[in-house]
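Just so it is clear, none of the values below were taken in a lab; they were calculated from the coordinates. Treat the numbers as computed from the prediction; the structure is a model and nothing was measured. When we count neighbours, we look across all protein chains shown, and the Cβ atoms used for this are built from the backbone with ideal geometry, even at glycine.
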């Protein structure tokens, strides 16, 4: 089945609201794994709005081979990735004024830089991924840069579902799902791993999880939001159930 990697950034968001020591991202990661997560994802942002450097180091130590590290394509973040050696480092766009990541990385506009960053990650034994829009030209550029994985931005799909009464079968939603499906096919045809994520929740995850060849889903906000009422372990288990009920086997 498609693997679920739980993004725990917003556990740290709650902690940073008081600049205190709780809730603990490490404890959250343990609860996520107990609920059935296959891995843990964090994004160390330039402005350190949630996850902090010490969190990343502690998580890498506590969960060897299970940490996915989201990062901007900067020298500072490359150095951190090479220090902690996550199972995967995913290049994402980053802006100080955005609330959350607003779209995929524009690889075409900075192909040389992305190629250099991926070469450094690969040389250090870190598998490189790119968070990317469902645009074939961007996927092809990611392949030229040496990415092993592309994570397709599912925000447009999620918003189309929400904007049409949470109807996953609306015409607008089906158009966006078709783009994600085509992107996944393109990624796999180029020999890269097909992952997906962003704005996925319990209502809209099923059709994405059912796409052929999907490797991993990276989901955070919906799970942490549900955890307020259910507890994190139960919220992760619920998402695993939604995924496992529809996802084809991945070999």
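Brief remarks follow.
- Between the C-alpha center of region 116-158 and that of region 30-69 there is a gap of 20 Å.
- The calculated 222 nm mean residue ellipticity attributable to helices in the chain amounts to -14000 deg cm²/dmol, summing -39500 (n - 2.57) over DSSP H runs of n ≥ 4 and dividing by all residues.
- Volume of the Cα convex hull of the chain, divided per residue and given in Å³: 120
- Between residue 120 and residue 54, the modelled labels are 2.6 nm apart [label points 7 Å from Cα along Cα→Cβ].
- Stretching the chain fully between residue 47 and residue 113 yields a gain of 21.6 nm (0.36 nm per residue, less the alpha carbon separation).
- Highest average first, the peptides 216-226, 168-178, 63-73 ordered by how many other beta carbon atoms sit within 10 Å of their residues are 216-226, 63-73, 168-178.
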